[in-house]
1. With charges set only on the Cβ (+1 for Lys and Arg, -1 for Asp and Glu), what does the dipole of chain A come to about its Cα centre, in debye to the nearest 20?
2. Taking the alpha-carbon centroid of each part, what is the distance from the stretch A:141-197 to the stretch B:78-118 in angstrom?
3. Expressed as a whole number of Å, what is the distance separating the alpha-carbon centroids of the stretch A:313-333 and the stretch B:226-253?
4. Based on the mean of other beta carbon atoms within 10 Å per residue, what is the order of B:135-142, B:184-191, A:535-542, most packed first?
5. Which angle from 0 to 90°, rounded to the nearest 10, does the C-alpha axis of helix A:419-429 make with the longest principal axis of chain A?
6. In nm, give the distance between the simple-model label positions of A:GLU252 and B:ASP100, each being 7 Å from the Cα along the Cα-to-Cβ direction.
7. How far, in degrees from 0 to 90, does helix B:181-208 lean away from the longest principal axis of the Cα atoms of chain B, to the nearest 10?
8. Can you give the average number of partner chain beta-carbon atoms within 10 Å of each beta-carbon in peptide B:169-178, as a whole number?
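None of the figures in this text is laboratory data; all of them are computed from the coordinates on show. These numbers were taken from a predicted model, which means no experiment stands behind them. Using ideal geometry, Cβ is built from the backbone for each residue, glycine included, and neighbour counts are taken over all protein chains shown.
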Amino acid sequence: MTTVLSSALPVEPLVRVEGLTIELGGRKPVRLVQDLSFSIRPGECLGLVGESGSGKSLTSRALIGLNAPVLRQSARRFDILGHDFRAVSESRWQALRGTAIGYVLQDALGAFDPLRSIFSELRETLDAHRIGPASGRRGKVVQALERVGFPEPEVRARQHSWQLSGGLRQRALIASAIVASPRLLIADEPTTALDVNIQARIIDLLQELKQAGMGLLFVSHDLAVVSTVADHVVVMNEGRAVEQGPTAQVLENPAHDYTRMLIAAMPSRAPVGARLSSVALPPGSVFQSSRVRSAGDAPALSARGLHKSYILPDGSRVGAVLDVSFDLQRGEILGLVGGSGSGKSTIVKLCMALVEPDEGEIALFGQPWTSLPEKQRTARRPRIQLIAQDPLGAFDPRFTVRRLLAEVLAIGGVPAGEHDAETRRLLAAVGLRDELIDRLPRNMSGGQRQRVAIARALATRPEVLVCDEPVSALDVSVQAQILDLLSLIHRETGLSILFISHDLSVVRHLCGRVMVMHKGEIVEEGTAEDIFSNVRHPYTRELIAAIPRMGADATAAPAAP
Amino acid sequence: MSRNQLAISGLIWGALVLAALFPALFTGYDPLQSNPIAALKPIGTEGHLLGTDYLGRDVWARLVYGARSAIGMGLGAMAIAATVGVLLGLLAGLGGKWLDNLLNGLFDILFSFPDLLLALLMITMLGAGSLNALVAIGIAGIPSFARLMRGEIRRIRNSEFVQSSVALGVPRFTNIWRHIIPNALGPVAVLASLFVGRAITYGASLSFLGLGPARPTPEWGLMLADAQLYLSMAPGLALFPGLAITLAAAGSVLFARSIRRTAE
């Protein structure tokens, strides 16, 4: 760890925090972070793990003085690079940011100015702090980009952030954080919005930076991701550190129930099909009227020779889906895995008949579906339902839960007098309390929203459910509850489910059969176990290798059972 | 902050509406009653707190009675601009490509003239007069509403929640009526309240130029025009109508700002 530096001297920590408390002022102060202590040394990575609202981002922002002034902050000790940073002026913070501490945000698209090129964004940091002679700054920018593995930096840095893929954008963002060679890098959920294999590369990059002697604060909700890089972890819940210590020790011997719950909620650790969460599920009887009773034996969805391409603004065509055929059998859960840009989302839109295929067609229970005119299709739409990644965007912002569900019940022909009882039954089915019935979606938590989305989809009494990354925006423990709920619904109602995800471990947990999609084609198909134990396509191998594993069970996890 | 703004704008507009409906509550004078002996009395004269004009009419009374035409102008022009603009925007946003291109071209042409110039153009066709000024300003405001409505409709039509209600099987017309239009109207309400203030200033400008109501109507723009000759002797004659116009416009801007958050 300290090979670069003289081993005779004890290494001074870059950051030493003792008893950090952050409060939201007002008459009744709310403690958002309470009595938190940690330190980070050069060449060391501290992982800060917690779910949304745990105070982890507030803590990381406190280290660069970016928290809003309404938040009252106090600490017994708050040293950064050997200096006391309690109650210092904004100009001292400004001198620190970018030069001594680099900060990487989750949303790389929002972090860049869309009007400026990557190059000028990176150069701005150097110009603002007057680092080195102006003539040498160009070289420094190129160097930083090379260091993060940005291809052809001389040429591609002239592009704008929105012209880059998610992975490249994230690399550019990390480059902008390290361009002035800071001694500490803070990464707040740097991989959350990324595909697994891009995530794996970003993690490798963080690992390299750590080995080069940079101190690292890695903030994430994902224990598995953090454990691949961090030497120490702090597990936070509701503003407190419930557990902290060396990574291996915390993972192997979690002392606190909350940590144990986090570990158990990860699908990659649990046996296939097992419950992930200990939260009570609704009784099977509430699904009575939702059971699927359709006759015949045609597959639920049957896609043949689908092609779909889009026209780019410059007139060229880009193929999103190239000759895809598959059958979703009745009552099965079929997984569809692939990175961003693989064409998954286009498959979702085609299945929901929201876009027309250029060629080929999809049949719904043996009857025409994508080839129907919209007027006739509207009547059949209740049979196939979508659960989207972002439930907030999928609801009319002015509608309460009651109105959202009533609208759908009316389409399904339920008389108005029964709406209330039926709405309550559906809420019970997805494990929500009645009180939420008059709530607006924006006043609910992510997990509650996703439950409402599931309730709304069930309200039409569908026979097919298309789930488009339904848990990727959720905290691990909530993700576990939703996955449990989906598999309960599947068991009780006999619905056919097409489950789209970029997370192989989730798919493996839930699905009987899996398809792997890459660049618009289905490159591999088979039972989940088969795909994991007997990989044929190199892309699948890459995906499996990229699943972050908790330090200790790296050998035990996805190998053959 | 926004609650203060709402309170201030409520106060300003409450007073204006009251003055427009019941002017006699605020003053005992007749705004048309001239009295040459008492002409050009200074500010603070007993019985004429804001002084009198060149015909001896009470300035305060003329201001109070002027509220009616100002408010009528603001709300009337806004009603024309918003109704026609929203309908055209709806057509462009929901209609086919051909209709959209046609309407958009039209908006572009109208948009290339400044609002006030467009209003002047209209009034040269319609002729001077207070109703004509109102119609002219209303027409000049149509493109901004149509543009906004079209953009909102397009945005909401492609939003995830509309796509998801299509997928739920909500019929097209219900979708438009229940989800697309109500969500588009929020920003339109903000523009409408901004436009009321703008229309009041434009109305005063037109009558300042002699294109609005004829003398001796108590109207703030006319009062300003008449005050020009006496600017050095009686600056209050110009100051007070100017303040009234500013206050009315500020009230509408403040109101727009305070409803902006809820509307969007």
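1. For chain A, the charge dipole is close to 1040 debye.
2. When both Cα centres are located, 44 Å separates them.
3. 68 Å
4. B:135-142, B:184-191, A:535-542
5. It is inclined by approximately 60 degrees.
6. Spacing of the two 7 Å Cα→Cβ label points: 6.2 nm.
7. 30 degrees
8. Counting other chains' Cβ atoms within 10 Å and averaging over B:169-178 gives 4.
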